[in-house]
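Chemist: One structure, pasted below without further comment.
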Amino acid sequence: MTASGVVVVPSYLPDLAGIGVLTRMYPPSLVNEVVAECGRTERRRRLLPARLVVYFLMAMALFSPAPYLEVMRHLVEGLRWADLWGSWHPPSKAAIFRARQRLGVEPMAALFRRCARPLATEAMAGAFWRGRRLMALDGSYLDIADTAANAKEFTRPGTGRGEGTGSYPQVLVVVLVECGTHAVVDAALGSRSDGELRLAQELMGSLAPGMLVLGDRNLPSSAMVRAVVATGADLCFRIRANRCPPVLERLEDGSWRSELHTRQDREAGREPVPVRALRYRLEDPGRPAADDEDYLLVTTLLDPRQAPAAELAALYAQRWECESVLDEIKTHQRGPRTVLASKAPAGVRQEIYAHLLVHYALRAQIAQALAEDTEELGCNRGSFTTALRAARRTVTSTPGVFSP
């Protein structure tokens, strides 16, 4: 606005669009840098430049399951506060679709991997155990649009009776989560045929010494244990009762030294993987059936003095934090029983990375807000739905400004 009170309307209004709370985590300069690294920078100005499409995809996740044009209206609504709308109008659905095709998957995946990292400090309650950062691995399926391309790429689930296939193709998403903050620090996407174990091995680059990784009984294998140990991290996985590892030495805390050694290992001449195993049973009056169920854990923490069996048994419940994270994304953020709308595999992956980016930004904000209260309240106890509603409100306020 000039001194005379006349509004000067910029010629390139999309540069002003922002998504409130998310703009602080993913500022335009960072998005521009990632877009350039992926070779998606435009040679000419467009109504929908690559940076705006990145923000649009995150807005789709934030306002899921709103349709394209409604999301675009949310995204640029903040321009009205300063009378900057001018003659610029939201693009058509077809134009948005073409812009998404031009962008591709790589900038969304690269932005997520550039920003996602553990958030907890050792002062945060529930984030560490005996000096080790608690992490968890788990996978879940997302329903996607019923198209031939999606079905070919990701496949469909079978029915419970084995008489056919499910209504929708599904994507398998395996995530690495920081238990103390519910931050997703890495993810791998694939088809049902890929399996959790193979996709989980793609996440090893995000593990580091000083981490203790918790996982369900779909994950233990000598190959998986080797992959985790190679990163310097430790693990504590549940294992199926019918795969009980041999007892090599009984220890004073009730656990025993053992090893994992498959037929493939022997054929390849690989040495057995040393582990420690323990068995326990839950006593829960609210779950009578649990009284007859044994839990069998294997861990790479071989010294019972540094990792007592009773503490590991109690600690394993932290693995369910990963289930809570998947529920936050699938139920509260995406919307219950919502099917991802993209009709092509690349668009499906774009949507999933957008959801991961939004979830990470909200969890980072919750961790920051609760950091001073961690003696009383762990960061993973902050209300995700409250943060989600607050983030939606920031979009139509001042564009590009983080609202505390």
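Chemist: Which numbered condition trips up Ala309, out of (1) within 27 Å of Gln201 (Cβ to Cβ); (2) crowded, with 16+ Cβ neighbours inside 10 Å?
Modeler: (1)
Chemist: Within region 105-128, restricting attention to residues that are outside any helix (DSSP H, G or I) and touching a helix residue (DSSP H, G or I) at 6+ places or on another chain (Cβ under 6 Å), which residue is surrounded by the fewest Cβ atoms within 10 Å (Cβ to Cβ)? Don't jump to the end; show me each part of the working.
Modeler: Filtering region 105-128 down to residues outside any helix (DSSP H, G or I) leaves 105, 116-128.
If we keep only those that are touching a helix residue (DSSP H, G or I) at 6+ places or on another chain (Cβ under 6 Å) as well, we get 105, 116, 119, 124.
Numbers: Val105: 19, Ala116: 23, Leu119: 21, Met124: 22.
Among those residues, the one meeting the criterion is Val105.
Chemist: Can we say Arg238 is assigned to a loop (DSSP other than H, G, I, E, B), in contact (Cβ under 8 Å) with a residue 12 or more places away in the chain and of a type in the set (Lys, Arg)?
Modeler: no
Chemist: Does region 95-104 contain at least one residue that is more than 28 Å from Phe384 (Cβ to Cβ), in a loop (DSSP other than H, G, I, E, B) and modelled with pLDDT of 95 or more?
Modeler: There is at least one residue in region 95-104 that is more than 28 Å from Phe384 (Cβ to Cβ), in a loop (DSSP other than H, G, I, E, B) and modelled with pLDDT of 95 or more.
Chemist: So is Arg243 crowded, with 17+ Cβ neighbours inside 10 Å and over 27 Å from Arg349 (Cβ atoms) or not? Lay out the reasoning, then the answer.
Modeler: Numbers: crowded, with 17+ Cβ neighbours inside 10 Å: no; over 27 Å from Arg349 (Cβ atoms): yes.
It is false that Arg243 is crowded, with 17+ Cβ neighbours inside 10 Å and over 27 Å from Arg349 (Cβ atoms).
Chemist: Another one. Report every pair of residues separated by at least 6 positions or lying on different chains whose Cβ atoms are under 7 Å apart, first residue within region 18-42 and assigned by TED's automatic domain parsing to the domain that holds Val105, second basic (Lys, Arg) and surrounded by 18 or more Cβ atoms within 10 Å (Cβ to Cβ).
Modeler: From region 18-42, the pairs are Pro28/Arg51; Val31/Arg51; Asn32/Arg51; Val35/Arg51.
Chemist: While we're on this one: How about region 349-377: which of its residues are at pLDDT below 90 and either of a type outside the set (A, V, I, L, M, F, W, C) or in a helix (DSSP H, G or I) (or both)? Lay out the reasoning, then the answer.
Modeler: Restricting attention to region 349-377, the residues satisfying the condition of being at pLDDT below 90 are 365-377.
Passing the criteria: Gln365, Ile366, Ala367, Gln368, Ala369, Leu370, Ala371, Glu372, Asp373, Thr374, Glu375, Glu376.
Chemist: Pick from Arg217, Arg250: which is within 19 Å of Ala307 (Cα to Cα) and basic (Lys, Arg)? Outline the logic, then answer.
Modeler: Values: Arg217 fails: within 19 Å of Ala307 (Cα to Cα).
Answer to the selection: Arg250.
Chemist: Collect the residues in region 226-260 that are under 22 Å from the mean Cα position of the chain (by Cα) and among the hydrophobic types (A, V, I, L, M, F, W, C), keeping them in residue-number order.
Modeler: Within region 226-260, Ala227, Val228, Ala233, Leu235, Cys236, Phe237 meet the criteria.
The values are calculated or read from the model by the stated rules, or taken from the named source; none is laboratory data. Keep in mind that what you see is a predicted model, and the values were worked out from it rather than measured. Cβ coordinates were reconstructed from backbone atoms using ideal geometry, including for glycine residues, and neighbour counts include every protein chain displayed.
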